[in-house]
1. Between helix 12-24 and the chain, what is the angle of the helix's C-alpha long axis to the longest principal axis, kept within 0 to 90° and rounded to the nearest 10?
2. Tell me the label only: which of (1) 28; (2) 56; (3) 39 is percent of Cα pairs over 25 Å apart as calculated from this structure?
3. So what is the relative contact order for the chain, in percent, with contacts set as C-alpha pairs under 8 Å and at least six apart?
4. How much of the DSSP bridge set in the chain is antiparallel, in percent, rounded to the nearest 5?
5. Considering amide H positions built from the backbone, and no H for Pro or chain starts, which residues 5 or more places from VAL93, or on another chain, come under 5 Å of its amide H?
6. Hey, what number do you get for the chain at 222 nm if only DSSP H runs of n ≥ 4 count, each worth -39500 (n - 2.57), divided across all residues, to the nearest 500?
7. Just the number please: accessible area per residue for the chain, 1.4 Å probe, all protein chains included, in Å².
8. Pick from GLY79, GLY156, GLY115 the residue whose mean-square fluctuation is largest in a GNM of the chain, springs joining Cα atoms under 10 Å.
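The values are calculated or read from the model by the stated rules, or taken from the named source; none is laboratory data. Just so it is clear, the model here is predicted, and its values are computed rather than measured. Note: accessible area is taken over every heavy atom of the protein model, side chains too, but ligands, DNA and RNA are not part of it. Shrake-Rupley method; radii C 1.70, N 1.55, O 1.52, S 1.80 Å.
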Amino acid sequence: VLVATAADSAYFPLALALAASVRANPGRTAAALGLIDLGLSTAQIDSARAAGFTVVAPRLDLLPERLRHATRPGLLAMGTRVFLPQHFPDAEVLVWIDADAWVQCGWALDLLVDGARREGFAVVPELHHGYDFIFDPSMTNPVRDMHFLAHKGFYGEATARALALVPVLN
């Protein structure tokens, strides 16, 4: 089992905190750690390795042409996580956790790993009672607008309107 994330130099401290949370709450299966380098300094790469991360460069050759030249690390993170098996080929089970999140309960990792082993993958909704834009579509919300624009580019306006009103699945 490998918990993977990605970070640039700004998100690096958050990735270290994520690693500490995985170690503090390992669940039944101790997980290895993988980090996709989206712009880390040499010192940060050394620190990541000292913290137990396997650090890899993003496989830009796997990305669609329009993402290969993305300057925003967040876009690269979204694009590269689709190809986690190519970045970490020795992992039996891969768990993606954004660098700005952390594991509070080891059983949450257990549920993801068990689901992935049983069904081939596991997903969870990115949902919280504070995400008012999901519960009240009449509200203006920049996150929903961002989701709409991203979906529109791939699926067209009608599908984008529907997808912007439902939780993102992670």
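1. Tilt relative to the chain: about 70 degrees.
2. For percent of Cα pairs over 25 Å apart, the calculated option is (3).
3. 24 percent
4. 15 percent
5. LEU2
6. About -12500 deg cm²/dmol.
7. Per residue, the chain has an accessible area of 59 Å².
8. Maximum among the listed residues: GLY156.
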